[in-house]
Amino acid sequence: MEITIQETVFFILAAVIVGCSILAVTTRRILRAATYLLFVLFATAGIYFQLNYSFLGAVQLTVYAGGITVLYVFSILLTSTDNRHIEKIKRSKVFAGLIAALAGAAICIFITVTHSFGSYHLTGGELPVDAIGKALMGTGKYQYLLPFELISVLLLACIVGGILIARKR
Amino acid sequence: MEIRMEYYLIISTIMLFAGIYGFFTRRNLLAVLISVELMLNSVDINFAVFNRYLFPEAMEGFFFALFAIGVSAAETAVAIAIIINIYRNIRNIQVKKLGTMKH
């Protein structure tokens, strides 16, 4: 059994995602949590590239890793009052959260592993950007002009709302 | 050995439940928001993986992941605006101090 480069990359990405997502919710310092979140988002973009969805990976890199993480870091720096004050968490709360998360994860992973998805295999090459653009701008069946317009209105509303909420009076 | 679809699903399940654990236990509003971000991201992975493995000729999962990324970016921007506004008013973003917003 030889290990191909595809599998090597996949296992590295899997290790980064699992390790960093657990560290992001268990570390006490919030700036470190934001940094671990950034690593998780990078590895997710790597998974999209591996699935041959380069456009989705590029969107993930620009929107999430480029935009949202910067927003998080700036707002953490704006709202951090005292660096030596590290948030204390009650032990019973941690225990209850751990039980809930582990039980849920166990059930979901059990169902995923035992369920048979039928026969499938990774087919199809790169999704062409031409097809993406035509599906995004068309009005026919399986085309997405209406959600596209809806999300543009949503983003406009978010810009207005964000300015209205965060401005100084 | 082939990379099976279940491997991706297990990764995204672990990411989702790490987010749920953080959502239950963290006491800082920004840390709660980071946990929500983890959950949304794991769902995007599921959309892309199901589309690629089970329906490789369709594009529904791809576009749902694309729109979910846009919606979560908008949600984050508004939530951070609200958090900064809260910080301006009560100089604190711990969850248990938020009861003072009512007065």
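The values are calculated or read from the model by the stated rules, or taken from the named source; none is laboratory data. Computed from a predicted structure; not experimentally measured. Here Cβ is always computed from backbone atoms with ideal geometry, including for glycine, and neighbour counts include all displayed protein chains.
So, residue A:46, is that one without any contact (Cβ under 8 Å) to a residue 60 or more places away in the chain, surrounded by fewer than 17 Cβ atoms within 10 Å (Cβ to Cβ) and either in a helix (DSSP H, G or I) or within 7 Å of another protein chain (Cβ to nearest Cβ) (or both) or not? Taking the combined requirement at face value, the residue does not satisfy it. Checked against the criterion of being closer than 30 Å to residue A:153 by Cα and more than 7 Å from chain A (Cβ to nearest Cβ), the candidates B:31, B:74, B:48, B:79 yield just one match: B:79.
Given the criterion in contact with a strand residue (DSSP E or B) (Cβ under 8 Å, 6 or more places away or on another chain) and surrounded by 19 or more Cβ atoms within 10 Å (Cβ to Cβ), identify the matching residue among B:41, B:28.
On the way: B:41 fails: in contact with a strand residue (DSSP E or B) (Cβ under 8 Å, 6 or more places away or on another chain).
Matching residue, one of B:41, B:28: B:28.
If only residues of the stretch A:76-96 that are among the β-branched types (Val, Ile, Thr) and exposed (fewer than 13 other Cβ atoms within 10 Å of the Cβ) are counted, the one that is modelled with the highest pLDDT is A:81.
Go through the stretch B:1-25 residue by residue and tally those that are assigned to a loop (DSSP other than H, G, I, E, B) and either touching a residue at least 24 places away in the same chain (Cβ under 8 Å) or more than 7 Å from every other protein chain (Cβ to nearest Cβ) (or both).
Quick first cut of the stretch B:1-25, residues assigned to a loop (DSSP other than H, G, I, E, B) only: B:1-4.
Now narrow it down to the ones that are either touching a residue at least 24 places away in the same chain (Cβ under 8 Å) or more than 7 Å from every other protein chain (Cβ to nearest Cβ) (or both): B:2, B:4.
The total comes to 2.
Residue count for the stretch A:17-38 satisfying the condition of being farther than 13 Å from residue B:18 by Cβ, assigned to a helix (DSSP H, G or I) and more than 9 Å from chain B (Cβ to nearest Cβ): 4.
Assessment of the stretch B:44-65 against the conditions (under 20 Å from residue A:38 (Cα atoms), assigned to a helix (DSSP H, G or I), of a type outside the set (Val, Ile, Thr) and out of contact with any Ser or Thr (no Cβ under 8 Å at 6 or more places or on another chain)) yields at least one matching residue. Screening A:159, A:132, A:99 for residues that are more than 7 Å from chain B (Cβ to nearest Cβ), of a type in the set (A, V, I, L, M, F, W, C), touching a residue at least 60 places away in the same chain (Cβ under 8 Å) and part of a helix (DSSP H, G or I) leaves exactly one candidate, A:132.
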